[in-house]
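Notes to accompany the following structure.
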Amino acid sequence: MTVETPARFSPLSAWQDRLARLPAGVRVRELPFLSQLTLRAEPGGAAAKAVEGCLDVTLPGPSRAEMSGDVKVLWTGPDEWLLVAPDGRREELVPRLRAAVGDGFATVTDVSAQRTTLALSGPLVRAVLAQGCAIDLDRRVTPVGSCLTTLLAQAPITLVVRGEAASSVWLLVRSSFASYVAAWLLDACTEYRGG
C-alpha cells in the first residue's frame, strides 16, 4: 500500500504575483514551510545550555535574534525562543533537541504550520512598515538582530531586523493573518507606485 504525502499549500501562494509587482523600493517574498520549533526553558539553566551546545549557538536575550547559523533563534518571551530552520529540518531537530534536554525542565514543540515568513527588503521597507507598526525601526532604536513581537495593522507579527536601517526584515505572521498582511502591504505601497 502506497501512502501519499499530503499536498502543502503556502498561505500566500495566491499572492505571489501581486507581491512581485510592488514598487522597486520594496521587495517581498514568502519563505514558506520553514521548520519552526518553540523552545521553553529556564534562561541559563541546564536545559538551555544543552540546547546551546546541541545547536552551537547562544540563546539570545530579550528582544534579540541570533541569525548567524543554519538554525535561527528568536527570543519570544522570558523563557521562550522560536527556532527557525530550513524546510524539512524539524524531523531531525525535534528528537535531537529533546534528547539533548533529556529530563531537564524544558519543552520543544513543532509549530511549523502555525505561521509563515515574509522576507522584506529595500529602501522603502521602513517607511512602509511605519504606516501600520508602532515600533520605531530607526537603526539606533532597533538595530540589526532586533526581534520584536508587535502588531502590524492590528495583525500580530514577530518582526526581525536583518539588515541595516531596517531595510531587510522578516515578518513572521500566523497563517490565518497572512492574506490580510499581504493585502495591507499592497495597500501601504500604493503611494510609492510610479504614475
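Brief remarks on what is shown
- Qualifying residue in segment 121-128 (condition: touching a strand residue (DSSP E or B) at 6+ places or on another chain (Cβ under 9 Å), polar (S, T, N, Q) and not in a helix (DSSP H, G or I)): yes
- Top-ranked residue in segment 94-118 [being hydrophobic (A, V, I, L, M, F, W, C) and surrounded by 19 or more Cβ atoms within 10 Å (Cβ to Cβ); ranked as farthest from residue 179 (Cα to Cα)]: 101
- Every residue from segment 67-107 that is closer than 18 Å to residue 158 by Cβ and among the β-branched types (Val, Ile, Thr): 71, 73, 76, 84
- Segment 147-192, subset among the hydroxyl-bearing types (Ser, Thr, Tyr) and in contact with a helix residue (DSSP H, G or I) (Cβ under 8 Å, 6 or more places away or on another chain), residue nearest to residue 19 (Cα to Cα): 179
- Condition check for residue 144: within 16 Å of the chain's Cα centre (by Cα), outside the structural domain of residue 43 (by TED's automatic domain parsing) and part of a loop (DSSP other than H, G, I, E, B): yes
- None of 120, 159 is more than 28 Å from residue 43 (Cα to Cα), out of contact with any Asp or Glu (no Cβ under 9 Å at 6 or more places or on another chain) and aliphatic (A, V, I, L, M) except 120.
- Of the helices (runs of 4 or more DSSP H) contained entirely in segment 1-113, those carrying at least 2 residues that are out of contact with any strand residue (DSSP E or B) (no Cβ under 8 Å at 6 or more places or on another chain) and in the same structural domain as residue 139 (by TED's automatic domain parsing) fall at 16-20.
- Of the residues making up segment 139-195, those that are within 15 Å of residue 127 (Cβ to Cβ) and among the basic types (Lys, Arg) number 2.
The values are calculated or read from the model by the stated rules, or taken from the named source; none is laboratory data. Values in this document were obtained by computation on a predicted structure and should not be read as measured data. Virtual Cβ from ideal backbone geometry, glycine too; neighbours counted across all protein chains shown.
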